[in-house]
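Pasting in a structure now, in structure tokens, and then I'll have a few things to ask.
The values are calculated or read from the model by the stated rules, or taken from the named source; none is laboratory data. None of these values were measured; they are calculated from a predicted model. All Cβ positions, even for glycine, are placed from backbone atoms using ideal geometry, and neighbour counts span all protein chains on display.
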């Protein structure tokens, strides 16, 4: 079996664009041992800040025939990460054991070269600490054995109200994540660059029902009339064999 | 891309330094193989390569301003197997060291003969050190160019023309500076270097203009369709997810618009290439170095603008995700 590759599978059909994953991500990762995700001028006119996860909104089509797509975006933990080999210090690396792409903040010199080599804009530089930051897949949560097993998931996954985010090993065919990719046509972003992102997205799915005319009329209505049927006699057989009324 | 002044100064200063070093080595070689006048004094080469060393050093200082954690800069030599940036970090001190040896050897006048060829010409220690330093400088040009050329997500940079232009513009500015230096020192090398500088400047102008033209119609491999994986012919972003700024909206956009890029493009073609070429042509066969010094100043200003345009004209793929605020 191939190596473990932890990743997120995000269902665009379910995401409602509430930004709960954004705020829970910021809350968890700004409170950790690695120090805050700093903001600059947070309450001023032109705020900036470091986030690992953003929810964007796109619209397809022409009004009134439009479709809104809420699109959460974070590091995709590519299986061929272009940001890793360009790092001159080796601060940017991909973990062997679970495939998470991480930055060693103690080695990063803040040259920003890795961010140039990411087509997804997943890396955000922290100007206060002077190091490059990115989604860690909440590596400090998912490996924390003091937490209950069902809580060892990234903060964004636990926060998502409609459960649009699935976390798991995409190389394990039995995992929920791999099954979702397989069954619902999971796809990767920008496949043309050969980065082979581990995070997958599930497409928007149209759900419609075709009703034929005979389905509008009760086919088992012997009197061919709508309305309340006459009460059956007390000893007549009934549908559930228990009661007629 | 946002032009960072630290990188603008780094690449122009070390490019000129490397070019100057290569010009001095070329001039020395010209005397070794030629049958003309006996050559220049060791002090001429020593002072010239000290100037090159100063430029390389200034570039190195400028590069530290680009790092947020410069105290860890030593770590950046670690990944030379995969990273062009790491290779550059190793080569800059290597070129500096070889230049220092070259300058010192000329200054001390220590010229033991290392090799004698069948035609009677000999390779002495300063010439050998010069070859080593020039070779390292050439490799450094390739490393600097490849740092940008290997960023495949910026189509304007991702081409061999980036490397060729870094090389030719460095040689052009270096030879122009060497010509001015020879002119001011009343050296017999003046005309040789002026002619070389003129050729390099015209060649650099041609290739840089070609890249400007090529960048006018590069094709992008990604679109919003592949960016969000939705196969709809009409997609637009309603919001990038935040109202303010982020690293992604600051680092990947240049201040000023297309007008600034166009204006500075005209400026760098004139100040960086056309004016120095005219001044070089005008001073062919003359004496003195005043005109050539003006050419050096004009070209340096022009090349700074050229580097600014190089960054500002680079459009990164990630900008697809950052188009609208709501």
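Go through B:265, B:249 for me and flag whichever is within 30 Å of residue B:22 (Cα to Cα), more than 7 Å from chain A (Cβ to nearest Cβ) and at pLDDT 95 or above.
Result of the check over B:265, B:249: B:265.
For the stretch A:123-160, how many residues meet the condition of being in contact with a strand residue (DSSP E or B) (Cβ under 8 Å, 6 or more places away or on another chain), within 14 Å of chain B (Cβ to nearest Cβ) and closer than 19 Å to residue A:89 by Cβ?
Counting residues in the stretch A:123-160 that are in contact with a strand residue (DSSP E or B) (Cβ under 8 Å, 6 or more places away or on another chain), within 14 Å of chain B (Cβ to nearest Cβ) and closer than 19 Å to residue A:89 by Cβ gives 9.
Another question, if that's okay. Condition (residue is in contact (Cβ under 8 Å) with a residue 60 or more places away in the chain and either surrounded by fewer than 24 Cβ atoms within 10 Å (Cβ to Cβ) or farther than 24 Å from residue B:103 by Cβ (or both)) applied to the stretch B:171-179: is it met by at least one residue?
To start, the set of residues in the stretch B:171-179 that are in contact (Cβ under 8 Å) with a residue 60 or more places away in the chain comprises B:171-179.
Checking which are either surrounded by fewer than 24 Cβ atoms within 10 Å (Cβ to Cβ) or farther than 24 Å from residue B:103 by Cβ (or both) leaves us with none.
Checking the stretch B:171-179: not a single residue is in contact (Cβ under 8 Å) with a residue 60 or more places away in the chain and either surrounded by fewer than 24 Cβ atoms within 10 Å (Cβ to Cβ) or farther than 24 Å from residue B:103 by Cβ (or both).
From the residues in the stretch A:58-83 that are over 23 Å from residue A:192 (Cα atoms) and touching a strand residue (DSSP E or B) at 6+ places or on another chain (Cβ under 9 Å), which one is nearest to the other protein chains (Cβ to nearest Cβ)? Explain how you work it out, then say what you get.
Narrowing the stretch A:58-83 to residues over 23 Å from residue A:192 (Cα atoms): A:61-68.
Still in the running and touching a strand residue (DSSP E or B) at 6+ places or on another chain (Cβ under 9 Å): A:61, A:66-68.
Numbers: A:61: 6, A:66: 9, A:67: 8, A:68: 7 Å.
It comes out as A:61.
Tell me, which helices (runs of 4 or more DSSP H) lie completely within the stretch A:74-185 with 3 or more residues that are closer than 21 Å to residue B:1 by Cβ?
In the stretch A:74-185, the matching helices (runs of 4 or more DSSP H) lie at A:113-116.
Sort out which residues of the stretch A:36-65 are free of Cβ contacts under 8 Å to residues at least 12 places away in the same chain and closer than 18 Å to residue B:226 by Cα, and write them in order of number.
Within the stretch A:36-65, A:59, A:60, A:61 qualify.
I've got another one for you. Looking at residue A:111, is it farther than 15 Å from residue A:34 by Cα and free of Cβ contacts under 8 Å to residues at least 24 places away in the same chain?
Taking the combined requirement at face value, the residue satisfies it.
Still on this structure: Consider the stretch B:142-161. How many of its residues are surrounded by fewer than 24 Cβ atoms within 10 Å (Cβ to Cβ), assigned to a helix (DSSP H, G or I) and touching a residue at least 60 places away in the same chain (Cβ under 8 Å)?
Residues meeting the conditions: 1.
Can you tell me which residues in the stretch A:98-114 are surrounded by 22 or more Cβ atoms within 10 Å (Cβ to Cβ), within 9 Å of another protein chain (Cβ to nearest Cβ) and in contact with a strand residue (DSSP E or B) (Cβ under 7 Å, 6 or more places away or on another chain)?
Hit for the stretch A:98-114 is A:108, nothing else.
Right, something else. Restrict the check to the stretch B:209-231 and report whether at least one residue is part of a strand (DSSP E or B), within 14 Å of chain A (Cβ to nearest Cβ), modelled with pLDDT of 95 or more and in contact with a strand residue (DSSP E or B) (Cβ under 9 Å, 6 or more places away or on another chain). Give the derivation first.
Of the residues in the stretch B:209-231, the ones part of a strand (DSSP E or B) are none.
No, the stretch B:209-231 contains no residue that is part of a strand (DSSP E or B), within 14 Å of chain A (Cβ to nearest Cβ), modelled with pLDDT of 95 or more and in contact with a strand residue (DSSP E or B) (Cβ under 9 Å, 6 or more places away or on another chain).
Still on this structure, please answer the following. Only one of (1) part of a helix (DSSP H, G or I); (2) more than 14 Å from chain A (Cβ to nearest Cβ); (3) in contact (Cβ under 8 Å) with a residue 24 or more places away in the chain is not met by residue B:61, so which one is it?
Residue B:61 satisfies all of (1) part of a helix (DSSP H, G or I); (2) more than 14 Å from chain A (Cβ to nearest Cβ); (3) in contact (Cβ under 8 Å) with a residue 24 or more places away in the chain except (3).
Among the numbered criteria (1) facing chain B (nearest Cβ under 9 Å); (2) under 25 Å from residue A:190 (Cα atoms), which one does residue A:88 miss?
Status for residue A:88: all satisfied but (2).
Return yes or no: is residue A:95 more than 7 Å from chain B (Cβ to nearest Cβ), under 25 Å from residue B:312 (Cβ atoms) and in contact with a strand residue (DSSP E or B) (Cβ under 7 Å, 6 or more places away or on another chain)? Let's see the steps before the verdict.
Numbers: more than 7 Å from chain B (Cβ to nearest Cβ): yes; under 25 Å from residue B:312 (Cβ atoms): no; in contact with a strand residue (DSSP E or B) (Cβ under 7 Å, 6 or more places away or on another chain): yes.
Answer is no for this residue.
For the stretch A:176-199, what are the residues that are farther than 20 Å from residue A:60 by Cβ and crowded, with 19+ Cβ neighbours inside 10 Å?
Passing the criteria: A:177, A:178, A:180, A:181, A:193, A:195, A:197, A:198, A:199.
Evaluate the following for residue A:33: is it touching a helix residue (DSSP H, G or I) at 6+ places or on another chain (Cβ under 9 Å) and part of a loop (DSSP other than H, G, I, E, B)?
yes
Being surrounded by fewer than 20 Cβ atoms within 10 Å (Cβ to Cβ) and either more than 14 Å from every other protein chain (Cβ to nearest Cβ) or at pLDDT 95 or above (or both) narrows it down to one residue among B:272, B:289, B:244, B:256; which is it?
Going through B:272, B:289, B:244, B:256 in turn, the sole match is B:256.
While we're on this one: Hey, residue A:59 hits all of (1) within 22 Å of the chain's Cα centre (by Cα); (2) surrounded by fewer than 17 Cβ atoms within 10 Å (Cβ to Cβ) but one; which does it fall short on?
All conditions are met except number (2).
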